Amino acid sequence: MTQLERAMRGEVTPEMEKVAKEEGIGPDMVCQRIAEGRAIIPANLHHKGLKPMGIGQGLRTKVNANVGTSSDCPDLEKEVEKAKAAARAGTDTIMDLSTGGDIDRVREAILKATPLPLGTVPIYQAAIEAIRRHGSLTGMEEDELFEVIERHAKGGVDFITVHCGVTLETINRLQQQGRITDIVSRGGAFLNCWMVRNNRENPLYQSYDRLLEIARDHDVTLSLGDGLRPGCLADATDRAQIQELILLGELVERAWAAGVQVMVEGPGHVPLDQIEANIKLEKRLCKGAPFYVLGPLVTDVAPGYDHITAAIGGALAAAAGADYICYVTPSEHLGLPTLEEVKEGVIAARIAGHAADLVKGIPGAWAWDEEMARERKALRWDRQIELSIDPEKAGRYRKERVPEGEDTCTMCGEFCAMKLTSELR
């Protein structure tokens, strides 16, 4: 049975117990939110040694880090090291987006590298294998796509992105409206090409019940992908995006009815003044299902700094009710990230999530900031560094820029406001 089915029976699973302890709330509350579909615990039955992670209403905003090979950079070891670096930086989950080299081996290696929940996008591997087998993506058969999905499920993948809302109807709406960037989702683009050239419906939508059966058998959480997400601010919140979201809302309810855990993915590139509306729309149309956002990025003109543009949008989105943030690295739109850029992306997303948790009233969020404030007041530098979201960087800055034994910093020195005020009192 799945976590959802057991929660609907009122059964508190070991995974729910662990999530409750991690979140500082009662296990019955975790169980209730999962039963209602407002929270999920991606936990494949075959994933041994998994560290369970709860995502959803009333839980700490979670962060995902993407890694994976490409056809230009198929180095397995580099991507495994990136997964480990992301875990050290505090990511909550990993997604393997590999499209190059031995994709099965990469996925298996990343699964072994950390105990974190792992997600994948099976259409990537299905498309690559179809091109190798048939010479063209067009030749991919429905059975070949579902064989890859089942392979990932049997292998222990905890959640999969499936672009079920990219249908002939939504593609037609996109074509009629027009966009600057058209389709920027790789999975959405693969499916769009296959559908248009074969003049057939998306098999993930057409055979959704088959997908649900696989997910239920292995307790794989479905992440309903936003294949028509906007790729620039000018395309945000258009008819194609909203039409897809309407379909995803219907598919959420079908997943629940089948006992399958599900979340919904969202944009993308969104201007500041549309972020809250996007979150509320998803929560309304998808009946409170957990919402997973990529950023959103709040400007298109900051390549090299997109971890910052995404953190700005992520903080607003999470404060408005988004539950899960996909990190964006400084090299987004430019190339595969380095180890250091993976870390920077995770830290930026964690900052955004924590900033939102402060206003959402998540247990423990305020206590963390208040303790830091007290340690700053007391000029206890070692403890401030321990409390930092990135202790390694904070400690390095302190060591490099302040003489050992000094109780102030080089910004104010002897004129430290905290020190002067304390001495006065």
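The values are calculated or read from the model by the stated rules, or taken from the named source; none is laboratory data. Computed from a predicted model, the values in this text were never measured in an experiment. Here Cβ is always computed from backbone atoms with ideal geometry, including for glycine, and neighbour counts include all displayed protein chains.
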**Item:** Single match in Ala378, Ala394, Ala367, Ala417 (criterion: loosely packed, with under 14 Cβ neighbours inside 10 Å, under 30 Å from Ile55 (Cβ atoms), of a type outside the set (Lys, Arg) and more than 20 Å from the chain's Cα centre (by Cα))
**Value:** Ala367
**Request:** Hey, can you tell me all the residues within the range 131-173 that are in a helix (DSSP H, G or I) and surrounded by 22 or more Cβ atoms within 10 Å (Cβ to Cβ)?
**Result:** Leu145, Val148, Ile149, His152, Ala153, Thr170, Ile171
**Single match in Gly37, Gly49 (criterion: buried (at least 16 other Cβ atoms within 10 Å of the Cβ), within 22 Å of His218 (Cβ to Cβ) and of a type in the set (Gly, Ala, Ser))** = Gly37
**Asked** Which condition breaks for Ile362 when tested against (1) over 15 Å from the mean Cα position of the chain (by Cα); (2) not in a loop (DSSP other than H, G, I, E, B)?
**Response** (2)
**Asked** How about the range 63-96: which of its residues are crowded, with 23+ Cβ neighbours inside 10 Å and basic (Lys, Arg)?
**Response** Lys82
**Asked** Could you list, in sequence order, the residues of the range 209-268 that are part of a loop (DSSP other than H, G, I, E, B), among the small types (Gly, Ala, Ser), more than 29 Å from Thr2 (Cα to Cα) and touching a Ser or Thr at 6+ places or on another chain (Cβ under 7 Å)?
**Response** Gly231
**Asked** Taking the range 139-156, which residues are closer than 19 Å to Lys48 by Cα, touching a residue at least 60 places away in the same chain (Cβ under 8 Å) and among the charged types (D, E, K, R)?
**Response** Glu150, Lys154
**the range 99-121, subset within 16 Å of the chain's Cα centre (by Cα) and not hydrophobic (A, V, I, L, M, F, W, C), residue nearest to Met195 (Cα to Cα)** = Thr120
**Fill in**
When the range 282-297 is checked residue by residue, the ones that are within 19 Å of Cys326 (Cβ to Cβ) and either touching a strand residue (DSSP E or B) at 6+ places or on another chain (Cβ under 6 Å) or surrounded by fewer than 24 Cβ atoms within 10 Å (Cβ to Cβ) (or both) are Glu282, Lys283, Cys286, Ala289, Pro290, Phe291, Tyr292, Val293, Leu294, Leu297
**Fill in**
Here the residues within the range 259-273 that are within 23 Å of Gly56 (Cβ to Cβ) and surrounded by fewer than 19 Cβ atoms within 10 Å (Cβ to Cβ) are Gly259
**Message:** Considering only residues that are among the hydroxyl-bearing types (Ser, Thr, Tyr) and either over 15 Å from the mean Cα position of the chain (by Cα) or modelled with pLDDT under 95 (or both), which ones fall in the range 327-347?
**Reply:** Ser331, Thr338
**Request:** From Glu406, Glu414, Glu340, Glu344, grab the single residue that is more than 23 Å from Val19 (Cβ to Cβ), not β-branched (Val, Ile, Thr) and not in a helix (DSSP H, G or I).
**Result:** Glu406
**Fill in**
In the range 5-54, residues that are assigned to a helix (DSSP H, G or I), hydrophobic (A, V, I, L, M, F, W, C) and in contact with a strand residue (DSSP E or B) (Cβ under 8 Å, 6 or more places away or on another chain) total 2
**Item:** Tabulated pairs, the range 329-341, first free of Cβ contacts under 8 Å to residues at least 60 places away in the same chain, second part of a loop (DSSP other than H, G, I, E, B) and not aliphatic (A, V, I, L, M), C-beta under 6 angstrom, 6+ apart or interchain
**Value:** Thr329/Pro337; Pro330/Gly304; Ser331/Pro337; His333/Pro303; Leu334/Pro303; Glu341/Thr329; Glu341/Pro330; Glu341/Ser331
**Message:** Any residue at all in the range 109-117 that's in the same structural domain as Gly187 (by TED's automatic domain parsing), in contact with a strand residue (DSSP E or B) (Cβ under 6 Å, 6 or more places away or on another chain) and part of a helix (DSSP H, G or I)?
**Reply:** yes
**Fill in**
Reported set for the range 226-258 where residues are touching a helix residue (DSSP H, G or I) at 6+ places or on another chain (Cβ under 9 Å), crowded, with 18+ Cβ neighbours inside 10 Å and either within 13 Å of Ile183 (Cα to Cα) or not assigned by TED's automatic domain parsing to the domain that holds Gln177 (or both) is Asp226, Gly227, Leu228, Arg229, Pro230, Asp235, Ala236, Ala240, Gln241, Glu244
**Message:** Here is a list: Arg133, Arg151. Which entry is among the basic types (Lys, Arg), under 17 Å from Leu97 (Cβ atoms) and touching a helix residue (DSSP H, G or I) at 6+ places or on another chain (Cβ under 9 Å)?
**Reply:** Arg151
